[in-house]
Amino acid sequence: MAETATSPTAIAWVPRGAWSGSTRAGSFGAEGVSGIIATLLGGFGLATLIAGTGGASSLSQAVERRLGIVLPATPRIVRGQTHDAIWSGPEQWLLRAASRDGWSALLGELAAHAAVSEQSDARAALRLSGSQVRKVLAKGVMLDLHPAAFAVGDAALTSIAHVGVQLWRLPDGPDGPVFEILVARSMAGSFWSWFSASAAEFGCTVTAG
């Protein structure tokens, strides 16, 4: 007797944040006032911009004309009202947008001046602040993050616990120094495993940005 063909069960695909499965909002570690505030960032647009030979000036002019920010020539982050430009190497940058509204159209415009690669869902982003933030980062970052060596706006490509990261320092907030970190989405779990173990002694509050 022939079997009756049936339709495959419909699958509903639900978007997942880059930190999904690795962590969630809440607190862990030492009790009392948290020495670390970890804010999970999401919903931003992110792309790499790589200028062709002799094309950095043209790209920089296009970005400044369109977004009102200047591409940094050194390891720095330049922040605008809606977009940030982060140095990623000679004539290479990350462009970050607060939201993805009009994002595809913007990248299409910039593609006339550079090699553009969409990275919005490829990175996990985290903002760290608090009175003990430098102490926790010192456990894994092979950089001197003292204010005299790493000023507000400085950026770096480095590694934390053998995980490649890109980090930069923002202006200090009410809770102390502020740093942001980008890590490849595929390595988010490994990074969080290191971070949660390193931050536990100081107490950490995790929030969603």
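With in a loop (DSSP other than H, G, I, E, B) and within 22 Å of the chain's Cα centre (by Cα) as the only criterion, which of Ile77, Ile69, Ile86 stands out?
Unique residue meeting the criteria: Ile69.
Checking the condition touching a helix residue (DSSP H, G or I) at 6+ places or on another chain (Cβ under 6 Å), at pLDDT 95 or above and not in a loop (DSSP other than H, G, I, E, B), which residue from Ala124, Ala115 passes? Before the answer, list the steps.
Details: Ala115 fails: touching a helix residue (DSSP H, G or I) at 6+ places or on another chain (Cβ under 6 Å).
Step by step, each of Ala124, Ala115 is checked, and only Ala124 is touching a helix residue (DSSP H, G or I) at 6+ places or on another chain (Cβ under 6 Å), at pLDDT 95 or above and not in a loop (DSSP other than H, G, I, E, B).
Cβ separations smaller than 9 Å between residues 6+ apart or across chains give no pair from region 65-83 residues that are closer than 17 Å to Gln166 by Cα to residues that are among the hydroxyl-bearing types (Ser, Thr, Tyr) and part of a loop (DSSP other than H, G, I, E, B).
Among the residues of region 137-149, those that are among the aliphatic types (A, V, I, L, M) and surrounded by fewer than 20 Cβ atoms within 10 Å (Cβ to Cβ) comprise Ala138, Met142, Leu143, Leu145, Ala148, Ala149.
Conditions tested, residue by residue: (1) in contact (Cβ under 8 Å) with a residue 60 or more places away in the chain; (2) more than 29 Å from Met187 (Cβ to Cβ); (3) not basic (Lys, Arg).
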{"residue": "Thr23", "(1), (2), (3)": "yes, no, yes"}
{"residue": "Gly29", "(1), (2), (3)": "yes, no, yes"}
{"residue": "Ile36", "(1), (2), (3)": "yes, no, yes"}
{"residue": "Leu40", "(1), (2), (3)": "yes, no, yes"}
{"residue": "Thr48", "(1), (2), (3)": "yes, no, yes"}
{"residue": "Gly54", "(1), (2), (3)": "no, yes, yes"}
{"residue": "Ser60", "(1), (2), (3)": "no, yes, yes"}
{"residue": "Val63", "(1), (2), (3)": "no, no, yes"}
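In region 173-185, which residue that is at pLDDT 95 or above and out of contact with any strand residue (DSSP E or B) (no Cβ under 6 Å at 6 or more places or on another chain) is farthest from Leu137 (Cα to Cα)? Out of the qualifying residues, it is Ala184.
Residues that are surrounded by fewer than 17 Cβ atoms within 10 Å (Cβ to Cβ), among the small types (Gly, Ala, Ser) and outside any helix (DSSP H, G or I) within region 165-209 comprise Gly173, Gly176, Ala208, Gly209, listed in sequence order. The set of residues from region 150-164 being within 23 Å of Gly21 (Cα to Cα), surrounded by fewer than 18 Cβ atoms within 10 Å (Cβ to Cβ) and touching a Leu at 6+ places or on another chain (Cβ under 9 Å) comprises just one member, Gly164. Just a yes or no: is a residue in region 98-118 at positive phi and touching a residue at least 24 places away in the same chain (Cβ under 8 Å)? No, region 98-118 has no match at all. Per the conditions (1) within 27 Å of Val136 (Cα to Cα); (2) outside the structural domain of Arg185 (by TED's automatic domain parsing), the sole criterion not satisfied by Ile37 is (2).
Among the residues in region 115-136, are any out of contact with any Pro (no Cβ under 6 Å at 6 or more places or on another chain), closer than 18 Å to Ala51 by Cβ and crowded, with 17+ Cβ neighbours inside 10 Å? Checking region 115-136: at least one residue is out of contact with any Pro (no Cβ under 6 Å at 6 or more places or on another chain), closer than 18 Å to Ala51 by Cβ and crowded, with 17+ Cβ neighbours inside 10 Å.
Give the residue, chosen from Asp154, Asp172, Asp144, that is of a type outside the set (A, V, I, L, M, F, W, C) and touching a residue at least 60 places away in the same chain (Cβ under 8 Å). Walk me through it before giving the result.
On the way: Asp172 fails: touching a residue at least 60 places away in the same chain (Cβ under 8 Å); Asp144 fails: touching a residue at least 60 places away in the same chain (Cβ under 8 Å).
Only one candidate qualifies: Asp154.
The values are calculated or read from the model by the stated rules, or taken from the named source; none is laboratory data. Quick caveat, the model's predicted, so the values are computed rather than measured. Backbone-built Cβ (ideal geometry, glycine too); neighbour counts: all protein chains shown.
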